[in-house]
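*Asks:* I have a structure here, written as structure tokens, and I will follow up with some questions on it.
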Amino acid sequence: MGKKEKEKKEKPLDKMTAKELRELGLSIGGITGVHGMNKAELIAAIKQERGIVDEAGGKKSFDVRQIKVKIKEVRVKRLEAVEAGKMKLADAFRRKISNLKKKTRRAA
């Protein structure tokens, strides 16, 4: 009776840690800047390199960095509105900032 050797199956990318994804990205070789990427960016780069196509889901995925850039832009507009004395407009920008912050929490 011999031992049956099991094929070593790779974990799904979503279940891997960022460290495991970095090691995988380095072993693939076609990905540059692996150490500067976060988990979501690593998964996207690995899928792109392997030719895996994501199925379009019902939800849109938001990048936290893009949302934070948008928040900074809206803050500048809000400060300009406050300096001009347009309080209703400033209040609208404040609500927009609040909603964007909520999106960053959901995206993280």
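Bear in mind that the values in this text are calculations on the coordinates, not laboratory data. Remember, it's a predicted structure, so these values are computed and weren't measured experimentally. Don't worry about glycine lacking a Cβ; one is built from the backbone with ideal geometry, like all the others, and counts go over all protein chains shown.
*Asks:* If you take every residue apart from residue 44 with its C-beta less than 12 Å away from the C-beta of residue 44, what net charge results, scoring Lys and Arg +1 and Asp and Glu -1?
*Replies:* Overall, the nearby charge balance is -2.
*Asks:* Residue by residue through the stretch 39-47, what is 3J(HN,Hα) from phi via Karplus (6.51 cos²θ - 1.76 cosθ + 1.60, θ = phi - 60°)? Round to whole Hz and write x for glycine and proline.
*Replies:* 4, 5, 5, 4, 4, 4, 5, 5, 4
*Asks:* Let me ask another. Taking the Cβ of residue 26 as the centre, find all other residues whose Cβ is under 12 Å away and add up their charges (Lys, Arg: +1; Asp, Glu: -1).
*Replies:* Summing Lys/Arg as +1 and Asp/Glu as -1 gives -1.
*Asks:* Do any of 15/101; 19/47; 39/70 go past 24 Å between their Cα atoms, and which?
*Replies:* Distance filter (> 24 Å) returns 15/101.
*Asks:* Under a plain spin-label model, where a point goes 7 Å from the Cα along Cα-to-Cβ, how far apart in nm are residue 91 and residue 38?
*Replies:* 3.3 nm
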